[in-house]
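Engineer: Pasting in a structure now, in structure tokens, and then I'll have a few things to ask.
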Amino acid sequence: MYLIIQGPSVETTDLKQLAKLSGANGIEQTAPNVFRLSNASPHPEIAARCAQAQLDFAFVPETQTLSRIGLVVMDMDSTLITIEHIDEIADMLQLKPQVAPITASAMRGEIDFAESLTRRVALLAGLEQDALQRVYDKRLQLSPGAERWVATLQQHNIKTLLVSGGFSFFTDKLKPRLKLDYTAANTMEIVDGKLTGKVLGSIVDAQGKADHLKRLRDQLGLRREQVIAIGDGANDLKMLGEAGISVAYHAKPVVRAQTTYTIDYSGLDAVLNLFV
């Protein structure tokens, strides 16, 4: 196994200590602040050492390559982008203090996602449609490394699916911007240029995200081990469970505990370093 160490800054003393703990017999720098320790083995002190130094670590098979991957499925809010866009929409009505706690509770898995979405969207009734564009223009930012991450997937002919429990207004704009292959999200009802506070059709919740992954995986003729899924909240867990490789990106503890890998400190393109 390789032990991959990466982060905003990797100190030599930490690197040497991690090599000693893992019994690695070689250290190779593969990119700035990215190191690959060869013939490494797990040790109970590695996680604590990396957390103290704000480093991401992962044990990866020496044969793990992107050439084996056919599909990457990503959550949108706090994964591909830095914001929770429903919270930012609510801020247009000075309702963020009421909406944000519902969002956070749902992401921690404390309340049902569909219920949380219905409650949050109901609070947005009456908002002018152009507020959505203002959120996209003024507040939406891609996560660090997102563009490099997606571009590299495209260079390897890997299909991409952006699936969100949020709204298609945003996924539809990100699709051409990043040249994503597929998107899936909820649709807000808009009448006379204003949000009605209702969601049209079936809600894309945790099961919905998983179902979209499975349908596309089968459509592309891929095996589970050929799929990567990335998310941050409890409503991503079912989707993450359908992928051969799951990544918790700056995620809630309930997600970090159930995924193949965790990225806490690095950008989205850090996932690339988990492949040889």
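The values are calculated or read from the model by the stated rules, or taken from the named source; none is laboratory data. All values derive from a computational prediction rather than experimental measurement. Every residue, glycine as well, gets a Cβ built from its backbone with ideal geometry; the counts of neighbours run over all protein chains shown.
Engineer: What single numbered condition from (1) free of Cβ contacts under 8 Å to residues at least 40 places away in the same chain; (2) over 26 Å from Ala270 (Cβ atoms); (3) in a strand (DSSP E or B); (4) among the hydroxyl-bearing types (Ser, Thr, Tyr) fails to hold for Ser116?
Structural biologist: Going through (1) free of Cβ contacts under 8 Å to residues at least 40 places away in the same chain; (2) over 26 Å from Ala270 (Cβ atoms); (3) in a strand (DSSP E or B); (4) among the hydroxyl-bearing types (Ser, Thr, Tyr) one by one, Ser116 breaks only (3).
Engineer: Next up: Looking at Val10, is it surrounded by 13 or more Cβ atoms within 10 Å (Cβ to Cβ), modelled with pLDDT of 95 or more, under 25 Å from the mean Cα position of the chain (by Cα) and within 18 Å of Val276 (Cβ to Cβ)?
Structural biologist: no
Engineer: Run down Arg215, Arg224, Arg177 and say which single residue is under 23 Å from Thr262 (Cβ atoms), exposed (fewer than 15 other Cβ atoms within 10 Å of the Cβ), at pLDDT 95 or above and out of contact with any His (no Cβ under 9 Å at 6 or more places or on another chain).
Structural biologist: Arg224
Engineer: Something else: Name the single residue, out of those in segment 157-171 being crowded, with 16+ Cβ neighbours inside 10 Å and not in a strand (DSSP E or B), that is farthest from the chain's Cα centre (by Cα).
Structural biologist: The residue in question is Phe169.
Engineer: Which pairs turn up if I take residues in segment 129-153 that are within 24 Å of Gln94 (Cα to Cα) and at pLDDT below 95 and look for partners that are among the basic types (Lys, Arg) and outside any helix (DSSP H, G or I) with beta carbon separation below 7 Å, at least 6 apart in sequence or on another chain?
Structural biologist: Between residues of segment 129-153 that are within 24 Å of Gln94 (Cα to Cα) and at pLDDT below 95 and residues that are among the basic types (Lys, Arg) and outside any helix (DSSP H, G or I), the close pairs are Gln129/Lys194.
Engineer: Residues in segment 113-128: is at least one closer than 27 Å to Leu195 by Cα and at pLDDT 95 or above?
Structural biologist: No, segment 113-128 contains no residue that is closer than 27 Å to Leu195 by Cα and at pLDDT 95 or above.
Engineer: For Leu174, state whether it is part of a helix (DSSP H, G or I), in contact (Cβ under 8 Å) with a residue 60 or more places away in the chain and more than 28 Å from Tyr265 (Cβ to Cβ).
Structural biologist: no
Engineer: In addition: What helices (runs of 4 or more DSSP H), lying completely within segment 1-104, carry at least 2 residues that are in contact (Cβ under 8 Å) with a residue 60 or more places away in the chain?
Structural biologist: Here the list reads 85-91.
Engineer: Return a yes/no flag: does segment 146-153 have any residue that is surrounded by fewer than 17 Cβ atoms within 10 Å (Cβ to Cβ), over 19 Å from Asp205 (Cα atoms), touching a helix residue (DSSP H, G or I) at 6+ places or on another chain (Cβ under 7 Å) and β-branched (Val, Ile, Thr).
Structural biologist: Taking every residue of segment 146-153 in turn, at least one turns out to be surrounded by fewer than 17 Cβ atoms within 10 Å (Cβ to Cβ), over 19 Å from Asp205 (Cα atoms), touching a helix residue (DSSP H, G or I) at 6+ places or on another chain (Cβ under 7 Å) and β-branched (Val, Ile, Thr).
Engineer: Another one. Among Ala100, Ala106, which is crowded, with 22+ Cβ neighbours inside 10 Å and in contact with a helix residue (DSSP H, G or I) (Cβ under 6 Å, 6 or more places away or on another chain)?
Structural biologist: Only one candidate passes the filter, namely Ala106.
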